[in-house]
Each structure stands twice: as structure tokens, then as C-alpha cells.
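The values are calculated or read from the model by the stated rules, or taken from the named source; none is laboratory data. This one's a predicted model, so the numbers in the text were calculated from it and none came from an experiment. Neighbour counts run over all protein chains shown; Cβ positions are idealised from the backbone, glycine included.
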Amino acid sequence: MKIKFITTFLAIIPGILIAQSSDPNIEVNMESPAYGINIKTNFAWQNGIWARGYRISNHNNSEYFIHFGAMGTFNNGISKQNYGYIGKDWNQTYMVFLPNGNIGIGTMDPQDKLAVKGKIRAEEIKVTTSAADWPDYVFKADYNLRSLAETELFINEHGHLPEVPKAEEAEADGVSLGEMNKILLKKIEEMTLQLIQLNHAVKIQTEQVKLQSEKIKLLESR
């Protein structure tokens with residue numbers, strides 16, 4: 001009998017609470033809910049401390065639309081400024097998803113599709129490029145290859161290789177992996193051609209020395 005009474009009581013209570021108002025909005029600890037279900041309260045945490053555990057809407061001009069949190073230890077949700085954020089305290093957001101599709105890790109204002117402030121570890125990174133930009137043109141007959149003397153003169157004047165950014169530029173603007181790989185490959189190909197030229201020159205000099213040595217021996221034998 002007691003169980004039956006409790007069950008009936010619990011079934012009637014929601015109807016009584018809803019019947020008290022014709023307003024379709026439901027409020028919890030609020031004076032006048034504006035939309036759907038509104039909850040404005042804190043949740044008890046350990047040692048009697050109160051903390052936000054969940055909230056919806058931008059009540060009181062809050063920037064959050066959906067929020068999950070507990071004493072600032074966790075801070076995840078969606079706000080009017082972005083499509084999502086993941087953090088560990090109230091003063092620092094560790095990851096954001098902006099409406100323009102940009103994702104930031106360690107930064108709140110990513111200017112690229114993926115911006116990371118910190119170190120990245122990966123097993124493989126693939127950078128796409130076009131065939132026209134790949135430095136195979138260095139091996140074409142009409143390519144103007146710098147001589148070693150010209151390269152030496154440039155280094156003495158500027159303190160770095162031609163087309164390679166200076167240290168100050170790299171520090172200020174960063175380095176594009178795709179672009180830098182093409183520059184380095186181009187320098188390797190240029191040095192390869194210079195070594196081939198030097199090898200040809202050494203072969204010619206070796207033949208000349210050999211001929212001169214044979215002439216000297218012939219003269220000495222007379």
C-alpha cells in the first residue's frame with residue numbers, strides 16, 4: 001500500500017507543477033524564463049563548495065550558449081564567439097573551433113585552418129605542391145646556374161644563401177615547410193650541378209697532367 005501511494009504521488013506532482021502556469025516555458029530558480037527550459041543555479045560540489053555544472057543560453061549577457069564546468073577545473077562548451085572550446089580553467093582556453101572553420105590549439109585567435117601554439121609530434125606530415133613549383137627546372141638546359149664565385153660573393157655580402165630567408169625573417173614570420181623544402185631541394189640540385197662541373201674540370205686537368213707527365217718522361221729518355 002505504501003509503495004502504491006508513493007508511486008501515485010510522484011506521478012501527480014509533475015502535472016501539478018506544470019498546471020500552475022499557462023506559460024509553456026519552464027523555470028528553475030528564475031523569475032521569468034524566456035525560452036524553453038531555463039536553469040539558473042549552481043550544483044553542490046565536495047566540501048559544500050558550489051560550482052557551475054551545466055548551463056544553456058546567454059543569460060545575463062554571458063558569452064556562453066552551452067557550457068559544462070566544475071569549479072574552473074573543466075571548461076568545455078559552445079559560445080557566441082566560436083563553435084566550441086575545450087579548456088581546463090577559466091583563464092585559459094586550450095582549444096577553440098571558430099565559425100570560419102579555423103581551429104586553434106593553445107591560441108584563441110587562429111588565423112589559419114589549424115593553428116597550434118606549442119610543439120607538434122607526428123609520425124608523418126604530407127605537404128602538397130604543384131609540378132610547376134618543384135625545382136626540377138634546375139636541370140633544364142636554359143637554367144641560369146650561379147657559379148661558386150657568385151655564390152661566395154653573395155654569402156660574404158648578405159650572410160646567407162641566395163633565396164634562403166635570413167634568421168631575422170624566419171624568427172619574425174616563421175617558415176613554411178613546403179616552401180622551405182623546395183628551397184633546400186633547389187640548393188641541393190644546384191650544388192649537385194656545381195659538383196658535376198667541378199668533376200668534369202678535375203677530369204680534364206687529370207688528363208692534362210697525365211699527358212704532360214708522359215711528355216716529360218719522353219724528354220728525359222732521350
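For this structure, a couple of remarks:
- Within region 113-133, restricting attention to residues that are surrounded by 10 or more Cβ atoms within 10 Å (Cβ to Cβ) and of a type outside the set (D, E, K, R), the residue that is farthest from Met95 (Cα to Cα) is Thr129.
- Filter result (under 31 Å from the mean Cα position of the chain (by Cα), under 19 Å from Leu184 (Cβ atoms), not in a helix (DSSP H, G or I) and not aromatic (Phe, Trp, Tyr)) within region 123-158: Glu124, Ile125, Lys126, Val127, Thr128, Thr129, Ser130
- Condition met for Ala141 (closer than 30 Å to Tyr94 by Cβ and either modelled with pLDDT of 95 or more or outside the structural domain of Tyr94 (by TED's automatic domain parsing) (or both)): no
- Some residue of region 182-195 being touching a residue at least 24 places away in the same chain (Cβ under 8 Å) and more than 34 Å from the chain's Cα centre (by Cα): yes
- Residue satisfying condition, being modelled with pLDDT under 90, more than 30 Å from Ala201 (Cβ to Cβ), in contact with a helix residue (DSSP H, G or I) (Cβ under 8 Å, 6 or more places away or on another chain) and outside the structural domain of Leu198 (by TED's automatic domain parsing), within set Ile86, Ile125, Ile105: Ile125
- Exclusive hit being over 30 Å from Met95 (Cβ atoms), among the aliphatic types (A, V, I, L, M) and not assigned by TED's automatic domain parsing to the domain that holds Tyr94, set Ala172, Ala149: Ala149
- Positions within region 176-198 being of a type in the set (Gly, Ala, Ser) and either at pLDDT 95 or above or not in a helix (DSSP H, G or I) (or both), in sequence order: Ser176
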